[in-house]
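> So that we are looking at the same thing, I have put the structure below in structure tokens.
Readers should treat all values here as calculations from the given coordinates under stated rules, not as data from a laboratory. From a predicted model like this one, the values you see are computed outputs, not experimental measurements. For neighbour counting, all protein chains shown are included, and Cβ atoms are generated from backbone atoms with ideal geometry for every residue, glycine included.
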Amino acid sequence: MDLAPLALSLQIATIATIVAAMVGIGIAALLANTRFPGRDLVDVVVTAPIVLPPTVLGYYLLVALGRRSFVGHAFEAIFGSSIVFTRTGAVVAATVGALPLVVKSGRAALEGVDVTLVRAARTLGAGPTRAFFTVQLPLAARGVVAALMLAFARSLGDFGITLMVAGDIPGETQTASLAIYDAIQEHRDQAALGMVVTLTAIAIAILYGVNKLTGGRDVR
Amino acid sequence: MSAELRVSIRIANGFALDVDFDVPPGVTVLFGPSGAGKSTTLAAIAGLIRPTSGRIVLGDQVWFDAETRTDVPVHRRGVAFLFQSLALFPHMTAASNVAYGMDRALDRDVRRARAVALLERLRVPHLADRRPPTFSGGEAQRVALARALATSPRAILLDEPFSALDRELRVELVADLRAFVRELDVPVLFVTHHRQEARALAERVVILEGGRVQRVGAIDELGPPGGRDMSFDETPLDADRMLKP
């Protein structure tokens, strides 16, 4: 079995999870703790990847980040390579797929923290940021970690968005999911099976971990 | 210190509140039946709720003024707030809870030493390295009191913090609180609907009913000790525990 696609998938999923964590927890905190005009719109836009077909998402990303777009052009000018059809594109694709999970589950976890505790922190002199990082986030940690694990599993398995945005370039953007598809097309069933079993094992292990974290709520 | 807290606010969204009273240094009891607006008033003074109009001033510091659109955020008002639920941070030890509000320019060790000293003074030094979920009701109250007082507050707001305690513990804690308040010499607003607690602590009383101030005066205006006013919710002290969820 060729391990390169799996290694690439793990690498991309790790970076995507980190990016989705930073962006997603920020958005989750904003949605959970503040009221601002357009709050519902932000919620809908961030959640949309759950329900939109990967091709539709891929299309939007190609338009937004392609070589002729402003962002794509600027990125290429600075870093010397394009976003689309590179590993960067694969990371973006995996991040977009994972983001709704971080925002939805992260927001629920943050909203589950007793608001009086956050208020207590504020009366003790903590600004909103300190109250968030020292009280709300630590108390929501289980739920947030579970959200990040789901996000990792989601990015590890992405197929459609990655194919649209990053293509299927062996050694460059060919992740395990894409490699399975290619192997099936080329009747390399053994190669496909090895990756199928590995991805399944990782997904099940992650889901088991998530259940462990979110089930068995501590009774105080 | 010795700055007076002047409160003149109206809240119109949902709960109608229209109050105007002063809190000089020392203890003033905010007394009234459930639903009179006591907790809402306290939350507005702390900056947890924004009033619709009016002013909140401590000495020469304007905390809130609807006309000039002044609204000092909660964390810059320097109020100690003792919540009814105590709101101890369950993921921190008692010492960390108490040290949370201290000046962060201080060395970590200094903050911890001060926290432990405060816990000692409230007779719970053995809790320093333990976490709130293991505390008894009285222990949790003492830690919460220590945490609120550790910030060198400019005003102290207490929202029925002792309501879940039995009579003996309540008397003890009221005595502890009195000793602290004398030293600090800041305005203290204490919400309660217990006459005895009010008498034990306060010199002044603000009687609130239906979102309005009914009377302001010396604590004696509450009537004779043990006197009853049927409009007030004065369940027997020991029954409280069972009535509270």
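> Answer with one residue from A:I27, A:A48, A:S81: the one whose Cα lies farthest towards the positive end of the charge dipole of region A:17-171, charges on Cβ with Lys, Arg +1 and Asp, Glu -1.
Farthest towards the positive end: A:I27.
> Related question: Can you give the local net charge around A:I12? Use residues other than it whose beta-carbon is closer than 14 angstrom to its beta-carbon, Lys and Arg +1, Asp and Glu -1.
Computed value for this residue: -1.
> Can you list, largest first and rounded to whole Å, the semi-axes you get for region A:54-161 by taking the square root of 5 times each eigenvalue of its Cα gyration tensor?
Over the Cα atoms of region A:54-161, the semi-axes work out to 36, 18, 10 Å.
> Note the angle between two axes, namely the Cα long axis of helix A:70-79 and the longest principal axis of the Cα atoms of chain A, as a number of degrees from 0 to 90, rounded to the nearest 10.
80 degrees
> Indicate, rounded to the nearest 5 percent, the antiparallel portion of the DSSP beta bridges found entirely in the protein assembly as shown.
60 percent
> Let me ask something else about it. By average Cβ neighbour count within 10 Å, what is the ranking of B:186-195, A:197-206 from highest down?
Put in order of decreasing packing, that is B:186-195, A:197-206.
> Go from 0 up to the bin containing the longest alpha carbon distance in region B:1-137, width 10 Å each, and give me the % of pairs per bin.
10, 32, 30, 23, 5
> Under the definition of Cα pairs under 8 Å and six or more residues apart, what whole-number percent is the relative contact order of chain A?
30 percent
> Still on this structure: Given 4 °C and 1.567 mPa s, compute D for the protein assembly as shown with the Stokes-Einstein relation, Rh being the Kirkwood radius over Cα pairs; round to the nearest whole µm²/s.
The estimated diffusion coefficient comes to 50 µm²/s.
> Using every alpha carbon pair in chain B, what percent of pairs falls into each 5 Å bin from 0 up to the bin containing the largest distance?
1, 6, 14, 18, 19, 17, 13, 8, 4, 1, 0
> While we're here: Sort all Cα-Cα distances of region A:43-114 into consecutive 10 angstrom bins from zero, then give the percent of pairs in each bin up to the one containing the longest distance.
19, 41, 26, 12, 2
> Roughly how big is region B:88-142's charge dipole about its Cα centre, with Cβ charges of +1 (Lys, Arg) and -1 (Asp, Glu), in debye to the nearest 20?
Result for region B:88-142 is approximately 40 debye, rounded to the nearest 20.
> Now, a different point. Roughly how big is the protein assembly as shown's charge dipole about its Cα centre, with Cβ charges of +1 (Lys, Arg) and -1 (Asp, Glu), in debye to the nearest 20?
340 debye
> Relative to the present Cα-Cα distance, how much length would full extension add between B:T70 and B:E203 at 0.36 nm per residue of separation?
Stretched fully, the B:T70-B:E203 segment lengthens by 44.8 nm.
> Would you mind calculating the relative contact order of region A:123-192 from Cα pairs under 8 angstrom and at least 6 residues apart, reporting the percent as a whole number?
Answer for region A:123-192 is 16 percent.
> Label-point separation (nm) for A:A4 and A:A74, each offset 7 Å from Cα along Cα-to-Cβ?
For A:A4 paired with A:A74, the spin-label model returns 3.4 nm.
> Next up: Which of A:A98, B:L82, B:G35 sits farthest toward the positive end of the charge dipole of the protein assembly as shown, with +1 on the Cβ of Lys and Arg and -1 on the Cβ of Asp and Glu?
B:L82
> With 10 angstrom as the radius, rank A:F152, A:F85 by how many other C-beta atoms surround their C-beta, starting from the fewest.
The order, fewest Cβ neighbours first, is A:F85, A:F152.
> Continuing with the same structure: Given Cβ point charges of +1 (Lys, Arg) and -1 (Asp, Glu) and nothing else, what value in debye, to the nearest 20, does the dipole of chain A about its Cα centre take?
1020 debye
> Follow-up. Relative contact order for chain B: what percent, with Cα pairs under 8 Å and sequence separation of 6 or more?
RCO, chain B: 29 percent.
> Can you compute the equivalent ellipsoid semi-axes for region A:168-220, i.e. the square root of 5 times each eigenvalue of the Cα gyration tensor, sorted largest first and rounded to whole Å?
One finds semi-axes of 34, 12, 6 Å for region A:168-220.
> While we're looking at this one, here's another question. Give me the percent of Cα-Cα pairs in chain A that sit more than 21 Å apart, rounded to a whole number.
60 percent
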